[in-house]
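All remarks here apply to the structure that follows.
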Amino acid sequence: MSKLTHFNEEGRAKMVEVGHKLNTQREAICKGSIIMKSETLRRIIEHDINKGDVLAVAQVAGIMAAKRTSELIPMCHNLFLSGADVQFQIDRENNRIEILASVKTTGKTGVEMEALTAVSVTALTIYDMCKAIDKEMTITDICLLRKSGGKSGDYARPGTEEDEIPVVRG
């Protein structure tokens with residue numbers, strides 16, 4: 001088990017020093033879902049929500065959130081992102097929108113938090129834009145699918161076959 005490094009000698013929170021680390025290409029792919037009533041999903045697909053194109057707005061919100069993660073999560077480093085993408089998979093059978101976020105950088109620390117934040121804010125934006133017609137929407141299953149780069153190397157979520165992890169451009 002690795003030692004937690006976000007605490008100083010007094011046991012208080014600190015931002016980890018990464019200046020000694022090498023710059024490497026890093027990527028994280030995360031997913032999450034929002035489940036809703038069938039009528040809500042239909043209206044999103046048909047662009048029949050008064051606030052506008054829900055998926056277009058949510059996609060931009062997710063990308064913006066990835067860029068601002070260090071302002072939201074106290075110990076995250078401010079990173080220069082070389083790419084960020086948010087995509088959707090519509091599951092009409094289960095009234096679900098699956099959100100996929102990919103974030104890339106070349107740097108000293110990973111982009112997992114940025115990808116997780118992108119998924120979270122994308123889902124929250126969908127909720128915000130549709131809450132007038134569906135307050136029972138549920139945001140669920142936000143997780144890291146894959147990450148690459150850095151000292152700890154590559155990671156793929158256990159139980160997920162490589163061909164099941166979507167390729168997200170970004």
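The values are calculated or read from the model by the stated rules, or taken from the named source; none is laboratory data. These numbers come from a predicted model, not from an experiment. Please note: Cβ atoms are built from the backbone with ideal geometry, for glycine as well, and neighbour counts cover all protein chains shown.
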Look through Val103, Val119, Val86 and report the one residue that is out of contact with any Pro (no Cβ under 8 Å at 6 or more places or on another chain), in a helix (DSSP H, G or I) and buried (at least 18 other Cβ atoms within 10 Å of the Cβ).
Val119
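Quick one: is Leu79 surrounded by 13 or more Cβ atoms within 10 Å (Cβ to Cβ) and modelled with pLDDT of 95 or more?
On the way: surrounded by 13 or more Cβ atoms within 10 Å (Cβ to Cβ): yes; modelled with pLDDT of 95 or more: no.
Judged against the criteria, Leu79 is not a match.
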Among what's in the stretch 137-159 and is touching a residue at least 60 places away in the same chain (Cβ under 8 Å) and polar (S, T, N, Q), pick the residue that is farthest from Ile126 (Cα to Cα).
Ser148
